[in-house]
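Let me begin by presenting the structure, written as structure tokens, before commenting on it.
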Amino acid sequence: MIPPGGTIGIMGGGQLGRMLAIAAANLGYRTHIFAPGMSGPATEVAARWTQSAYDDAAAVAAFAAQVDVVTYEFENVDVASLPAHNCVFPPARALEVAQDRLTEKTFVEQLGGRPAPFRKVDSIEDLRAALGDLGSPAILKTRRFGYDGKGQERIEDPSRAASAWLSIGQKPCVLEGLVRFESEFSIILCRGMNGEIVRWDAVENRHRHGILDVSIAPASGLATDQAAEAGALAEHIADALDYVGVLACEFFATAEGPVFNEMAPRVHNSGHWTIEGAVTSQFENHIRAICGLPLGSTDLTGARVEMRNLLGSDVEQWPAILADRANHLHLYGKSGQRPDRKMGHVTKVFV
Ligand code: AMP
């Protein structure tokens, strides 16, 4: 157990790191951010930071030597560049599985979960064969380094195969059959060092341009009935990985049951509502888990909670958002607005 007063190392300096650092500070911990940028949302609220490339092994080792535990806020950290530190949570194996869509889907299938139908694609010939098997429309996704809908090409019919293969960069991919779903939802859980698991209510996610727009907890409709099955799978995944920390698993609610989409071995945008909408937030429970502390209650603080991302110029609505006294506004302190850049979020708890 790391007693309060210890230092938590966080790889990544974005808004997730910022909210982790704030939660850590509330529990009396210091944070040390490791990120390539000179400044960022997380560095502004942390006690220390190291500015370095993630693949600078000497800098990573020096950073790890100064902290009691290392965690990360994004899953594209190269596993090889993680510190050789026996206190890296979530475990590197979780990162390996989540970083590669093919490994991830195969792993989940082996545990009895149901991902969207998929095929491995390494060439245009593979892609044509996969389209023959799965039909179209289908979605071609790069195996690695995709996020927020990036690294994806929707293929409406087989005649578009060659252009999709070129525009995705001819990288190793998976082709996924199109899932007909009623809604998308995520299961967010936290697993402690002793194997104890707590889970928040399933949350429904609505997207805008492939980016999370609104999350609503608890999820409604088909997702309500499918939350138990999806939750059991997420717990199974966490146990199989000997996981420590917050794990987010995204699902499609379909007429045939929950279909696993993907997982993130970290705190997740669809869990931001837990800051005010749950007794213990995802950020606090993540810190508790990686420090070996008991986990807090995930009960809702109201009947319904809604979180909306503020993307790009949405952030200019802040005066109107604050005019509603029930709103909780979070701004990430980012300078430089770009369309679709996550600038903040707003949460409302309905009693
Ligand atoms: P992802 O980055 O894989 O989560 O994909 C981004 C979004 O694209 C998802 O949240 C869905 O809205 C949509 N999507 C991804 N894969 C599929 C699929 N196989 N079938 C239908 N929609 C999908």
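The values are calculated or read from the model by the stated rules, or taken from the named source; none is laboratory data. All values reported here derive from a predicted model rather than from experimental measurement. FYI the Cβ positions are ideal-geometry reconstructions off the backbone, even for glycines, and counts take in every protein chain you see. Accessible surface is based on the protein model in full, side chains and every heavy atom, while ligands, DNA and RNA are left aside. Shrake-Rupley method; radii C 1.70, N 1.55, O 1.52, S 1.80 Å.
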*On Cα atoms only, tilt of 101-110 relative to the major axis of the chain in degrees*: 90
*Which one of A23, F181, H286 is farthest out on the positive end of the charge dipole of the chain, using unit charges on Cβ (Lys, Arg +1; Asp, Glu -1) and the Cα centre as origin?*
A23
*A61-F145 pseudo-label distance in nm [points 7 Å out on the Cα-to-Cβ vector]*: 2.6
*Calculated FRET efficiency for the pair T224/S167, C-beta based, R₀ 51 Å, to 0.05*: 0.85
*Find out how many positive minus negative residues lie around A278, taking Lys and Arg as positive, Asp and Glu as negative, among other residues whose Cβ is under 12 Å from that of A278.*
-3
*Using a Förster distance of 25 Å, how high is the FRET efficiency between S123 and I211, based on the Cβ-Cβ distance and rounded to 0.05?*
0.25
*Working out 0.36 nm times the residue gap between S39 and S81, then minus their Cα-Cα distance, what length gain in nm do you get to one decimal?*
13.0 nm
*Among residues other than L311 whose Cβ falls under 10 Å from its Cβ, what is the net charge (Lys/Arg +1, Asp/Glu -1)?*
+2
*Taking only Cα atoms, what is the 0 to 90° angle, nearest 10, from helix 124-134's long axis to the longest principal axis of the chain?*
80
_Size of electric dipole in the range 7-88: Cβ of Lys, Arg +1 and of Asp, Glu -1, about Cα centre, debye, nearest 20_ = 280
*What share of all Cα pairs of the chain, in percent, falls into each consecutive 10 Å distance bin?*
6, 24, 34, 26, 10, 1, 0
_Ellipticity estimate at 222 nm from DSSP helix runs (n ≥ 4, -39,500 (n - 2.57)) divided over the chain, nearest 500_ = -8000 deg cm²/dmol
*Heavy atoms of S335: accessible area, 1.4 Å probe, square angstrom to 10*: 100
*Cα-Cα over 31 Å: which of K105/K342; K150/K334; K141/K348; K120/K334; K120/K348?*
K141/K348; K120/K334; K120/K348
_Per residue accessible area of the range 117-177, 1.4 Å probe, in Å²_ = 52
*Just the number, please: percent antiparallel of the DSSP beta bridges in the chain, rounded to the nearest 5.*
80
*To the nearest Å, what is the center-to-center distance of the range 310-336 and the range 81-120, using C-alpha atoms only?*
35
*Efficiency of FRET from Cβ geometry, D133 and N194, R₀ 35 Å, rounded to 0.05*: 0.20
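Count charges around L134 for me, please; just the other residues with Cβ under 10 Å from its Cβ, Lys/Arg as +1, Asp/Glu as -1.
Result for the local shell: -1.
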*Dipole size in debye (nearest 20) for the chain around its Cα centre, Lys and Arg Cβ +1, Asp and Glu Cβ -1?*
680
